[in-house]
Amino acid sequence: MSVRHPRRSDLQSRGFPQPPIAPRLYRNIAMTFLGLTVVIVAVAIWMSSVKATVRIQVKRDLVKLDTIVEIAKSPEDGQLQGRVVEGPFEKIQEFKVKEQAVGNQVSTTTGRVRIKNNYSKEQVLIKTTRLLTSDGKLFRINQTVTVPSGQSIEVDAYSDKVGKEFEIKEGEKFTIPGLWIDLQSLITAEAITAFTPKAGSAKIVTEADIAEAQKTLEQAVLEQAKGTLAAEASIPADKLADDCTDDSKCWTAVYVVNTIENKTNVKAGQQSDTFLAQVKLKVTAVFYPKKDMDMLVSGKLKEKLPEGRELVDFDPQRVNYRLEQVDITLEQARLTVMADAYSRLTAQSPDLAKEKIAGLSIEEAKSRLKSVEGANYVEITLRPSWARKIPRQKDKIEFTIE
């Protein structure tokens, strides 16, 4: 038979509270929670502090343009406003012949002639009057003379060209082809000395002299035409591009020059102190606003660029224009425009989108960026320096294009 302990039984049956958990346990729980919070905050701070700077050196690629631009006084859609005018222009000018050293083999021949006048009146013969031998060799007197009726005079003469065939003997007969045909038998000339070449100097017209004279005249005529045609097109001289200071109001032009006539009163090889040259040109001018054309050409070049590229180094001075077709009545013209410039990648290129490298390692990001066409060199810097991957937040990635 068991013995009951009344005191112990009474204590257990009553509803007394259990003793409290030790304070140390609460501290451990609190410290653990705090530690986790610190870790999470630290990780968040670390994640937000990582920044990537990406420096990309890009190549410049050539962009070419070959297109047609239409100019019209009353432009329609797709045409550029301008003026189309043309006209003939000419100029005649005297040029001096330079004296040059000559040898016997290239010198004109010189001699003296007697001119006899059997006509009833005196005859004036001007300097360079022609004397013609029976076999067609041409000579000229070197000064103006007057031959009295029934008398004769003597005067020096020279061959019209150089060459051994112009060496003639004393007694050679000449006619004077510049005289009226019936006078040619009454007024004649005869060599009273042999005609021989002499070493020394002479004023002989050369092919270079004629070419230079014609070029000088063409330039002078073109300058005259530019001013006249600009006035006809109602474009003030100060608004032409070379002299214009306000780029928004400047005009420029394409000129087309066609030679109508180009002649001289001498031929190469002739001896003469001076000669006359004449040039006649037809000049067509197509005028257009400089700024409008520059913007049009620049815009057409940009149209050729893929997304994410920009135009660089566009120089309007390097643009070439060629007149293909012109209608003066309607004042319309078609120009072929040829231009070139360079393009390069920009940070807006889809191939350089930040999400393409977000979260990658430095080497992975470099490899991907280097594979982009136009990228030449890639450098990536992470901060802090111990970071190993590109941040995932796009606002933490900065691109620099060079």
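Only the coordinates and a few stated rules stand behind these numbers; no lab work does. Everything quoted here is computed from the prediction, not taken from an experiment. Backbone-built Cβ (ideal geometry, glycine too); neighbour counts: all protein chains shown.
Compared with the dominant principal axis of the Cα atoms in the chain, helix 23-49 is inclined by about 10°.
Taking the Cα centre of the chain as reference, the dipole from Cβ charges on Lys and Arg (+1) and Asp and Glu (-1) amounts to some 3540 debye.
Using the Kirkwood radius built from alpha carbon pairs, what does the Stokes-Einstein equation give as D for segment 103-202 at 20 °C and 1.002 mPa s, in µm² per second? Write out the running numbers ahead of the final one.
Values: Rh = 13.5 Å.
For these conditions, the coefficient is 158 µm²/s.
Between the helical axis of 207-232 and the longest alpha-carbon principal axis of the chain there is an angle of about 60 degrees. Taking springs between alpha-carbon atoms closer than 10 angstrom, which of V326, V97, V283 fluctuates most in the Gaussian network model of the chain? Of V326, V97, V283, the Gaussian network model singles out V97 as fluctuating most. Residues whose amide H comes within less than 5 Å of that of N265, counting only those at least five positions distant or on another chain, are L276 (H built at 1.01 Å from N in the peptide plane). Comparing L296, L360, L80 in a Gaussian network model of the chain, where Cα atoms under 10 Å apart are tied by springs, the biggest mean-square fluctuation is seen for L360. Looking only at V124, V254, V221, which one moves most when the chain is put into a Gaussian network model with springs between Cα atoms under 10 Å? Ranking V124, V254, V221 by mean-square fluctuation puts V124 first.
By the count of other C-beta atoms within 10 Å, a proxy for reagent exposure, I390, I397 are ordered fewest to most as I397, I390.
Positive end of the dipole of segment 103-202 (Cβ unit charges, origin at the Cα centre): among T193, N142, L183, the Cα lying farthest that way belongs to N142.
Evaluating 6.51 cos²θ - 1.76 cosθ + 1.60 at θ = phi - 60° for every residue in segment 315-331, the Karplus couplings come out as 10, x, 5, 8, 7, 10, 10, 9, 6, 9, 7, 9, 10, 5, 4, 8, 6 Hz, glycine and proline recorded as x.
With K and R counted +1 and D and E -1, the other residues having a Cβ less than 13 Å from that of D242 yield a net charge of -1. Between the Cα long axis of helix 290-303 and the first principal axis of the chain there is an angle of about 50°, rounded to the nearest 10. Think of the chain as a dipole: +1 on every Lys or Arg Cβ, -1 on every Asp or Glu Cβ, centred on the Cα centre; then among F314, A277, A233, F314 lies furthest on the positive end.
Going by how many other beta carbons lie within 10 Å of each one, how would you line up M293, M338, fewest first? Please report the intermediate quantities before stating the final value.
On the way: M293 22, M338 15.
By the 10 Å Cβ count, ascending: M338, M293.
For the chain, relative contact order (Cα pairs under 8 Å, six or more residues apart, normalised by length) works out to 25 percent.
Taking amide H as placed 1.01 Å from N in the peptide plane, the amide H of K51 sits under 5 Å from that of R383, each at least 5 places away or on another chain. Charges were assigned to the Cβ only: +1 to each Lys and Arg, -1 to each Asp and Glu. The resulting dipole of segment 291-402 about its Cα centre is roughly 760 debye. Ignoring the sites themselves, the chain has its longest run without chymotrypsin sites (Phe, Trp or Tyr not before Pro) in a DSSP loop having at most 11 other Cβ atoms within 10 Å at 181-385. Database remark: amide H of A194 closer than 5 angstrom to the amide H of E170 (H placed geometrically; neighbours at sequence offset of 5 or more, or on other chains; Pro and chain starts carry no H). Positive contributions from Lys and Arg (+1) and negative ones from Asp and Glu (-1), summed over other residues with Cβ under 13 Å from the Cβ of V97, come out at -2.
Which entry is the computed semi-axes √(5λ) of the Cα gyration tensor in Å for this structure: (i) 106, 25, 14; (ii) 35, 24, 21; (iii) 50, 36, 17? The calculated read-out lines up with (i).
Taken about its Cα centre, segment 103-202 carries a charge dipole of roughly 140 debye when the Cβ of each Lys and Arg holds +1 and the Cβ of each Asp and Glu holds -1.
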